[in-house]
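*Asks:* Once you've had a glance at the structure underneath, I'll fire off some questions.
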Amino acid sequence: MSVRITRDDVAHVATLARLSLADDELDTFTAQLAAVLEHAEDVAALDLADVPPTSHPVPLVNVLRPDVPGPTLSPEDALAAAPQAEDGRFRVPTILGEAP
Amino acid sequence: MTDTDPTGSADRSVPTDSLGNPITVPDSDDILVVSAADGSRWELVCGLEVHAELATRTKMFSGAPNRFGDEPNTNIDPVTLGLPGTLPVVNERAVELAATFGCAVGATVQRSVFSRKNYFYPDMPKDFQISQYDQPIVIDGTLELPSGHVVGIERAHLEEDTGKSTHVGGDGRIHGADHSLVDYNRAGVPLLEIVSRPHVRSAEQARAYVSELRSILVACGISDGKMEEGSMRVDANVSVRPEGSDEIRTRCEIKNVNSLRSLGRAIEYEATRQADLHASGDRVVQETRHWNEADGRTSTMRSKEEADDYRYFPEPDLVPIDLGAERVAAIAATLPLLPAARRARLAEVTGEARTAESVVVVVERGQDDQALAALAWTTHLASESEGGPHAGEPDVAGRFMAEVVEPLAIAVAPAPKPNAPSPDSSAPAESSADPSAASAASVARWVLTDEGLAAAREASDAAKARVLVHVTQNLGAEGGADLSPLRLAELVAMEVAGELTATQAKQVLAELVDDPAATAGSVATAKGFEAMDTGALEAQVDAIIAANPSEWEQFRTGDPKVRGKLTGFFVGQVMKATKGQADGKQVTALLQSKAT
């Protein structure tokens, strides 16, 4: 069970999060993340077979909205905050690779 | 957490699906087997992921409209754009539609949790998509294909659709594009992702599965199922294994399959590609591949290792959904008659097999109500011509007219038939007999009654055959599905009575679809179609025989194959001589009787 997080793991996660980390930062975060995971392992050591997983801290379900149209933004307002717009659309730099 | 065996390689453990259940692959009498370049034989194992846009008025997590084809970026609000401070709220209707789907495929509708799927791509302005991961709303259903093959449904989960990118420069393709433009109208539209088990064994089964799924989605009002507008999209998970083995080998996910035809082609291409790799000792890499319709090939989009690391975690802004057994039961109670049951009904009434192509096609197009109602009307017209509106025993026709049709305010009186003597031509038939006034909903309710079906069942075999032929072959085009059953029934009645040949009937039908005011009788008269009497027809047949003595000798003495060929020749000659007025079937029967 006890698998220590490696420097490579941290580099991988940083890449996924589009974070550019320097070598010394990788060392720092590897140590910090290892400490966080160790803490989680303390919990994992307990016998929790009868405890259901908690996905949410509040005991609520079914907070729903009726299927009724509400106000929309005008295209002008919507595009106002876009760094670049063209032809009623958001203009973005060249996309590398297909959509996931 | 289950992968605790430190020595076991991933290949040796029992393969499991996304919910941890062991993967099973059923046998079938229709399995695609492809030959690799070295002659080795490999069989297909395929699962399908179908994304269906839900038929809601608004988006999954906000009140922005869910509408296709509008001007770019008009159906968006702050939630769609993921602006700071916005929070998602779940669309109740989307949840109900997902549950409806679960009920329709006999699945479990369970407590579900939304998760964030994290990735960076401009089609989602939030930089994550809200989806469901380990606790989807629907699990464990089945879908039976018209052929009887059963495909398991592993899960169906709710999520939001992404925006639409247009690539500028580089021929509109992503590679070489100068920049891209994004329209977020589609971002946030509710999606149901339906994941099948790897139970699809052939390209034909794949097409049948998608087609059946679409019929169910449309019948239940869950989605409009339009592949051409992208409201239904299919990805195929394809793998192969040695013929007859029970292995599970590495799969590839094929994207960009935009039609049923491409789906079949893509699966066949990909199976052969993988078979060749296995046969030559190479490794199939688990990856996402892009189907290129023009080349007829798949190519690497991205490997699994590169990008498939979405770091799912429970969406903190949304609480779980739990409809509860009572509400799910109430939804199940509202299900309409599903395609499988409708095929069974149509097959039972017409005496065709459930798997007959005509039965499958008519139900797939949703025209079974039209066909059944036309048959019911045929019975009524027949009972009328036998001497009274309620003639004939058992009096199903009269009863359903009086008890069912009239209360539903469907026009009862058939339009006057110009070809037949009309004793009550003074009746106010013109206004009250407008059959198109009968709404589709009334017709459907009418047919669903026992009386309506009983009347349809009473129709003659000839009428049943002709109605199925017309609906499958002649009413599939635009407007065909809207032709009122009564007008179709009048045409079929004339055909069955020998007043119109099959060729003539087809022409009349085209007019009926184009001109809502026309009736079978009026069109037939206008076109000068008159029934040939048998004596005149026989004289024509005799004349053709006399003019072609050597062909006739071959016909008389030849084996069935020769005879079949020459039947076409003689019928053609008679048709030519009679300018198409002869009934081909009758000519064939005359030829047969004269030859013996």
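*Asks:* Let's test the formula: R0 of 22 Å, r as the Cβ-Cβ distance of B:Thr449 and B:Leu337. What FRET efficiency results, to the nearest 0.05?
*Replies:* Working: r = 12 Å, r/R0 = 0.57.
About 0.95, to the nearest 0.05.
*Asks:* Within the stretch B:187-203, find all residues whose amide N lies under 20 Å from a label point positioned 7 Å from the Cα of B:Thr142 along Cα-to-beta-carbon.
*Replies:* Only B:194-202 pass the distance filter.
*Asks:* Using the structure shown, list the pairs from B:Lys126/B:Lys255; B:Lys117/B:Lys164; B:Lys464/B:Lys576; B:Lys59/B:Lys117; B:Lys527/B:Lys576; B:Lys561/B:Lys585 with a Cα-Cα distance above 21 Å, or answer none. Before the final figure, lay out each step's value.
*Replies:* Values: B:Lys126/B:Lys255 24 Å; B:Lys117/B:Lys164 18 Å; B:Lys464/B:Lys576 29 Å; B:Lys59/B:Lys117 18 Å; B:Lys527/B:Lys576 17 Å; B:Lys561/B:Lys585 18 Å.
Violating the 21 Å limit, Cα to Cα: B:Lys126/B:Lys255; B:Lys464/B:Lys576.
*Asks:* Which ³J(HN,Hα) values in Hz, rounded to whole numbers, follow from the phi angles of the stretch B:216-231 under the Karplus curve 6.51 cos²θ - 1.76 cosθ + 1.60, where θ = phi - 60° and Gly and Pro get x?
*Replies:* Whole-Hz 3J(HN,Hα) from phi for the stretch B:216-231: 5, 4, 6, 4, 8, x, 7, 8, 7, x, 8, 5, 5, 9, x, 7.
*Asks:* Right, here's the next one. Treat each spin label as a single point 7 Å out from the Cα along the C-beta direction, and report the B:Thr557 to A:Asp47 distance in nm.
*Replies:* 9.7
*Asks:* Amide H to amide H under 5 Å from A:Thr94: which residues, 5+ apart in sequence or cross-chain, H placed 1.01 Å off N in plane?
*Replies:* Answer set, sorted by chain and number: B:Ser180.
*Asks:* Is there a quick way to get the dipole size of the protein assembly as shown? I mean about its Cα centre, with the Cβ of Lys and Arg at +1 and of Asp and Glu at -1; what is the value in debye to the nearest 20? Intermediate values should be presented prior to the final figure.
*Replies:* Details: 62 positive and 106 negative charges, 308 e Å.
Dipole magnitude for the protein assembly as shown comes out near 1480 debye.
*Asks:* Also, quick follow-up: Would you mind checking which residues have amide H under 5 Å from B:Met60's amide H? H placed 1.01 Å from N; only 5 or more apart, or other chain.
*Replies:* For B:Met60, the qualifying residues are B:Val189.
*Asks:* Can you list residues whose amide H is under 5 Å from B:Val257's amide H, if they're 5+ apart or on another chain and H is modeled 1.01 Å from N?
*Replies:* Those lying under 5 Å, H to H, from B:Val257 are B:Val234.
*Asks:* Averaged over A:70-83, how many beta carbons belonging to a partner chain fall within 10 Å of each residue's beta carbon? Could you put the intermediate results ahead of the total?
*Replies:* On the way: counts 8, 4, 12, 11, 3, 7, 1, 3, 10, 3, 0, 2, 4, 0.
The per-residue average across the peptide is 5.
*Asks:* Something else: Which ³J(HN,Hα) values in Hz, rounded to whole numbers, follow from the phi angles of the stretch B:456-464 under the Karplus curve 6.51 cos²θ - 1.76 cosθ + 1.60, where θ = phi - 60° and Gly and Pro get x?
*Replies:* Result, rounded to whole Hz: 4, 4, 6, 4, 5, 4, 4, 4, 4.
*Asks:* In addition: Provide the buried accessible surface between chains B and A in square angstrom, both chains summed, 1.4 Å probe, rounded to the nearest 100.
*Replies:* Numbers: alone 28590 and 9560 Å², together 33860 Å².
Using a 1.4 Å probe on protein heavy atoms, the buried area is about 4300 Å².
*Asks:* Now for a different question. To the nearest 0.05, what FRET efficiency results for B:Leu87 and B:Glu243 with a Förster distance of 41 Å applied to their C-beta separation?
*Replies:* Working: r = 54 Å, r/R0 = 1.31.
Once the sixth-power term is evaluated, E becomes 0.15.
*Asks:* Sticking with this one: If you rank B:Arg111, B:Arg67, A:Arg91 by how much accessible surface each has, with a 1.4 Å probe, what is the order from largest down? Provide the component values of the computation, followed by the final result.
*Replies:* Numbers: B:Arg111 105, B:Arg67 130, A:Arg91 70 Å².
Output order, biggest surface exposure first: B:Arg67, B:Arg111, A:Arg91.
*Asks:* Give me a comma-separated list of calculated 3J(HN,Hα) values for the stretch A:21-38, in order, Karplus coefficients 6.51, -1.76, 1.60 applied at θ = phi - 60°, integers in Hz, x for any Gly or Pro.
*Replies:* Calculated HN-Hα couplings, in order: 10, 6, 4, 5, 5, 4, 4, 4, 6, 4, 5, 5, 5, 4, 5, 5, 5, 4 Hz.
*Asks:* Rounded, prolate or oblate, given the Cα gyration tensor of the stretch B:33-333, with a/c below 1.5 counting as rounded? Please list the in-between numbers first.
*Replies:* On the way: a/c = 1.86, a/b = 1.29, b/c = 1.44.
Taking the square roots of the gyration eigenvalues as a ≥ b ≥ c, the stretch B:33-333 is oblate.
*Asks:* If you don't mind, there's one more thing I want to ask. Taking 25 Å as R0, compute the FRET efficiency from the Cβ-Cβ separation of B:Ser259 and B:Thr166 and round it to 0.05. Can you show the working numbers first?
*Replies:* Values: r = 21 Å, r/R0 = 0.85.
Computed FRET efficiency for B:Ser259 and B:Thr166 comes out at 0.75.
*Asks:* Add +1 for every Lys or Arg and -1 for every Asp or Glu among the other residues with Cβ under 13 Å from the Cβ of B:Gln554, and state the total.
*Replies:* On the way: positive: B:Arg556, B:Lys561, B:Arg563, B:Lys565; negative: B:Glu551, B:Glu553, B:Asp559.
Net local charge, B:Gln554 excluded: +1.
*Asks:* Still on this model: When chain A is modelled as a GNM with alpha-carbon springs shorter than 10 Å, which of A:Ala11, A:Ala82, A:Ala22 fluctuates the most?
*Replies:* Highest fluctuation among the options: A:Ala82.
*Asks:* What distance in nm lies between label points placed 7 Å from Cα along the C-beta direction at B:Asn548 and B:Asp461?
*Replies:* 2.8
The values are calculated or read from the model by the stated rules, or taken from the named source; none is laboratory data. These numbers were taken from a predicted model, which means no experiment stands behind them. Reconstructed Cβ throughout: ideal geometry from the backbone, glycine too, with neighbour counts over all protein chains shown. The accessibility values were calculated without ligands, DNA or RNA, using every heavy atom of the protein model including side chains. Shrake-Rupley method; radii C 1.70, N 1.55, O 1.52, S 1.80 Å.
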